[in-house]
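Colleague: Quick one: the structure is below, questions incoming.
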Amino acid sequence: MLLVDSSVWIDFFNGQSTRQTLYLRDEVDRQEILLGDLILCEVLQGFRLESDFMNARQLLLSFPCQNLTGQVLALKAAQNYRYLRANGVTVRKTIDLIIATFCIENQHELLHADRDFDVVEQHLSLLVKHP
């Protein structure tokens with residue numbers, strides 16, 4: 001499965017043509033896309049117009065949605081954070097570390113446009129889709 005990060009969805013809904021959004025639009029099989037609950041929240045909270053919110057909501061809810069955290073994963077994410085920090089790397093957003101840890105633990109690929117994931121990929125076994 002391919003988890004698509006909010007950084008890509010936000011660019012997608014804003015009409016940005018990036019490697020990631022073009023891959024999402026043109027190449028990925030819809031059946032491979034996985035949505036995370038925290039990603040759903042991050043993306044939908046940014047819409048100002050109700051009609052845009054409803055259209056995005058309808059599209060996003062057409063994909064399977066997974067809860068990204070729980071006690072076990074939260075503990076693993078904290079361990080990953082501490083490991084990265086001990087190696088001189090600080091991930092700026094906790095939610096990104098939760099997303100990365102979810103992907104690592106479930107062996108899902110991540111499609112993103114956020115530099116926090118680059119350092120996680122370098123130091124941990126995060127599978128990243130590079131279109």
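Where a number appears in this text, it was derived from the coordinates with a stated rule and is not lab data. Model, not experiment: these values are computed from the prediction. Glycine also receives a Cβ, built like all others from the backbone with ideal geometry; neighbour counts cover every protein chain displayed.
Colleague: Just from its helices, what would the mean residue ellipticity at 222 nm be for the chain, if runs of 4 or more DSSP H residues each count -39500 (n - 2.57) and the sum is divided by every residue, rounded to the nearest 500 deg cm²/dmol? Intermediate results must be reported in sequence, preceding the final value.
Modeller: Numbers: 7 runs with 73 residues, N = 131.
About -16500 deg cm²/dmol.
Colleague: I would also like to ask the following. Note down the magnitude of the dipole of the chain about its Cα centre, charges +1 on Lys and Arg C-beta and -1 on Asp and Glu C-beta and zero elsewhere, to the nearest 20 debye.
Modeller: 360
Colleague: Oh, and also: Binning at 5 Å from 0, report for the range 2-128 what percent of all alpha-carbon pair distances ends up in each bin.
Modeller: Result, from short to long distances: 2, 11, 21, 23, 20, 12, 8, 3, 0, 0 percent.
Colleague: Could you state the angle between the C-alpha long axis of helix 94-106 and the longest principal axis of the C-alpha atoms of the chain, as a value from 0 to 90 degrees rounded to the nearest 10?
Modeller: 80
Colleague: Here's a follow-up. Using the Cα centre of the chain as origin and beta-carbon charges of +1 (Lys, Arg) and -1 (Asp, Glu), tell me which of 75, 28, 12 is placed farthest towards the positive end of the dipole.
Modeller: Of the listed residues, the answer is 75.
Colleague: According to a simple spin-label model (label point 7 Å from Cα along Cα-to-Cβ), what is the distance in nm between residue 31 and residue 74?
Modeller: A separation of 3.6 nm, rounded to one decimal place.
Colleague: Starting from 0.36 nm per residue, how many nanometres of slack lie between residue 65 and residue 90 once their C-alpha separation is accounted for?
Modeller: 6.2 nm
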